[in-house]
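The values are calculated or read from the model by the stated rules, or taken from the named source; none is laboratory data. Bear in mind that the values here come from a model prediction, so they are computed numbers and not experimental data. Note that we place each Cβ from the backbone using ideal geometry, even for glycine, and neighbour counts take in every protein chain shown. Surface accessibility is based on the protein's heavy atoms, side chains included, excluding ligands, DNA and RNA. Shrake-Rupley method; radii C 1.70, N 1.55, O 1.52, S 1.80 Å.
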Amino acid sequence: MTLSVADVKPDIASEVFATKNELLSGVHAEALRDLLERRGVLVFPRIGFSDSEQVEFTKTLGTFAAERTGEQVYSVTLDTKINQLADYLKGSLYWHIDGTMNDVPIRASLLTSKVVCPDGSGDTEFANTYAAYDALEDADKQALESLRVIHSAWNTLFYYEPEPRLETLRTMMAIGDRELPLVWTHRSGRKSLVLGCTARHVVDMDFRKSAELLVRLRDWATRPEFVYRHHWSVGDLVIWDNTGTMHRATPYDPASGRLLHRTKLEGEEPFA
């Protein structure tokens, strides 16, 4: 059975057209996994999965990853009445890769739109860090190859709360820090940049030079040619390859009602 696909941009994102029954059967699972790695982001316009269908579909693509609390579906919203830990999601408004505090980051995330912002805000942007690396000059690639970066969850706090309370800072610091490669050489042989708002400092580099390098690379990786911006409609499903794609939500009113439901795939390879 042939999968109907339309590329959105040359370097990132494809729209996929298939029926619910086809997707839930797993008949396209192998093709979708391959497409996801090559394209970074897959969009299923208005497919309209229920929570149980989204879980079932996620399981066709790999090993299902439940949330830390054990729940299968996570409510992505800034409304604390729906998600008591919504304040933690303020960091999602800045470019990041999920799981930089883990040995093995999640393979992919799947989001279904349940409620959209009435004013049209609250888009989600994705940046292909495979394509961004590939487009670098050879001299730049060589200079970056051996660099290591300290990633810290608490670094994201200063993006949205420049003067946090000490208690809040200590809570975030308790999550820990992790040293990761700036260039991730994947088992496939492909390479991607490991960046985002958790990236705090390049190991053994002057602080100013480190900050300049990380900002320069972030600016490079989020150039228009590497970025896809998704404007949500109710029922849309979007999957992104978390191992080669950064993402962020664009600003929206926490009281807008915006609500996405997320499922995840277990990671399959450590940062290396």
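Points to keep in mind about this one:
- The residues listed here are Ala139, Ala174, Ala153, Ala127; of these, the one that is over 22 Å from the mean Cα position of the chain (by Cα) and closer than 25 Å to Glu266 by Cβ is Ala174.
- In this structure, Pro164 does not qualify as within 24 Å of Asp236 (Cβ to Cβ) and surrounded by fewer than 16 Cβ atoms within 10 Å (Cβ to Cβ).
- Residue satisfying condition, being open to solvent by 60 Å² or more (accessible area, probe 1.4 Å) and without any contact (Cβ under 8 Å) to a residue 12 or more places away in the chain, within set Ser146, Ser188: Ser146
- Single residue of the stretch 31-85 satisfying the filter (in contact with a Ser or Thr (Cβ under 6 Å, 6 or more places away or on another chain) and at pLDDT below 95) that is most open to solvent (accessible area, probe 1.4 Å): Ile82
- Residue list for the stretch 217-272, restricted to those being among the β-branched types (Val, Ile, Thr) and either part of a strand (DSSP E or B) or touching an Asp or Glu at 6+ places or on another chain (Cβ under 6 Å) (or both): Val227, Val238, Ile239, Thr245, Thr250, Thr263
- All positions within the stretch 206-221 that are closer than 23 Å to Ala131 by Cβ and surrounded by fewer than 17 Cβ atoms within 10 Å (Cβ to Cβ): Glu212, Val215, Arg216, Asp219
- Check on Glu15, within 23 Å of His247 (Cβ to Cβ) and either more than 21 Å from the chain's Cα centre (by Cα) or open to solvent by 30 Å² or more (accessible area, probe 1.4 Å) (or both): yes
- Some residue of the stretch 101-109 being surrounded by 15 or more Cβ atoms within 10 Å (Cβ to Cβ) and either in contact with a Cys (Cβ under 6 Å, 6 or more places away or on another chain) or more than 27 Å from Val203 (Cβ to Cβ) (or both): yes
- Residue in the stretch 149-161 that is most open to solvent (accessible area, probe 1.4 Å), counting only those that are β-branched (Val, Ile, Thr) and part of a strand (DSSP E or B): Ile150
- Test: residue in the stretch 223-242 that is open to solvent by less than 60 Å² (accessible area, probe 1.4 Å) and over 30 Å from Asn83 (Cα atoms): yes
- Options Arg170, Arg187; residue that is of a type in the set (D, E, K, R), at pLDDT 95 or above, out of contact with any Ser or Thr (no Cβ under 7 Å at 6 or more places or on another chain) and part of a loop (DSSP other than H, G, I, E, B): Arg187
- Residue tally, condition farther than 23 Å from Arg33 by Cα and in contact with a Leu (Cβ under 7 Å, 6 or more places away or on another chain), over the stretch 231-262: 3
- Ile97 vs. criteria more than 22 Å from Leu157 (Cα to Cα) and surrounded by 19 or more Cβ atoms within 10 Å (Cβ to Cβ): no
- Some residue of the stretch 107-123 being farther than 25 Å from Pro254 by Cβ, of a type outside the set (D, E, K, R), modelled with pLDDT of 95 or more and within 11 Å of the chain's Cα centre (by Cα): yes
- The listed residues are Leu237, Leu265, and the only one of them that is within 13 Å of Ser109 (Cα to Cα) and either of a type in the set (Phe, Trp, Tyr) or touching a Phe, Trp or Tyr at 6+ places or on another chain (Cβ under 6 Å) (or both) turns out to be Leu237.
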